[in-house]
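So the structure is just underneath, and the comments pick up after that.
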């Protein structure tokens, strides 16, 4: 396949919030990730003049756009409640050979509710059915020089490289999670990128139930690999770095210890423990 390097392409989608879109405190962050990922995939097809997002590498192997970095910021998902109308304005452009960057702006009643930036690269499996063999896809050389990544995409690339080499936090508490094939893997049979966010949310909830009253305002996610059904995730969750709830979670593959992702979460201030709750916490220890 030859990937043409064309100007970016945009799309605007309208929604009315119903139960599939909503979570406990407003619009579901997990739904937002999935929808933005879906729009990224559709825009890739349109950018390359295709009716459907079907791609293959120079050897004819199926290629998928795997996210390498995602940055959600300015989140105010609580502004979107049942039956509310909202919009997603999306734009995608090439960011290097076989790499693309999309930006999605969330609006409700004319008010900004968040922005999502997504950086992807094409990957394929070198061994059929083995997600651990996924590697960057190679394509037929396109005419002309590839577009240089935008400043935003370049920042995501550099930050992702930094966290890939970062040592684990010695204060981290580890949780083990086994993804379910029928719930957590997608139609391409990879662990779905949005399920990394879901696993981190579950881990935080297990450690401290107060997170339900501390909405996520910003999240950075950097991806380095995948795993097969039956393998476990090891989530190493650090203590909050500050009163605002900024926290790091390193995610590794249990079978060989390979780092699969880094997730950095910043919440609104976590409510203080009440006296009775503090006593309960002390007793449990």
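Where a number appears in this text, it was derived from the coordinates with a stated rule and is not lab data. Computed from a predicted structure; not experimentally measured. Counting neighbours? That spans all protein chains shown, and the Cβs are built from the backbone with ideal geometry, glycine included.
Observations on the model:
- Degrees, to the nearest 10: 275-284 long Cα axis against longest axis of the chain: 80
- Axis angle, to the nearest 10 degrees, between helix 194-207 and the longest C-alpha principal axis of the chain: 10 degrees.
- Principal-axis tilt of helix 151-165 within the chain, Cα atoms, nearest 10 degrees: 60
- At an R0 of 30 angstrom, the distance between the Cβ atoms of residue 126 and residue 73 translates into a FRET efficiency of 0.30.
- Euclidean distance of C-alpha centroids, segment 181-234 and segment 38-83, integer Å: 18
- Theoretical gain in end-to-end length, residue 81 to residue 10 [0.36 nm per residue, Cα-Cα removed]: 22.9 nm
- Cut-off 20 Å (backbone N to label point 7 Å along Cα→Cβ of residue 167), residues of segment 217-238: 235-238
- With the alpha-carbon atoms of the chain aligned to their principal axes, the span from lowest to highest coordinate is 67, 48, 35 Å, starting with the largest.
- Stretching the chain fully between residue 38 and residue 202 yields a gain of 56.7 nm (0.36 nm per residue, less the alpha carbon separation).
- Extension gain (nm, one decimal) between residue 158 and residue 24, 0.36 nm per residue minus Cα-Cα: 44.8 nm
- Nearest-0.05 FRET efficiency for residue 111 and residue 45, computed from C-beta distance (R0 22 Å): 0.10
- Ellipticity estimate at 222 nm from DSSP helix runs (n ≥ 4, -39,500 (n - 2.57)) divided over the chain, nearest 500: -7000 deg cm²/dmol
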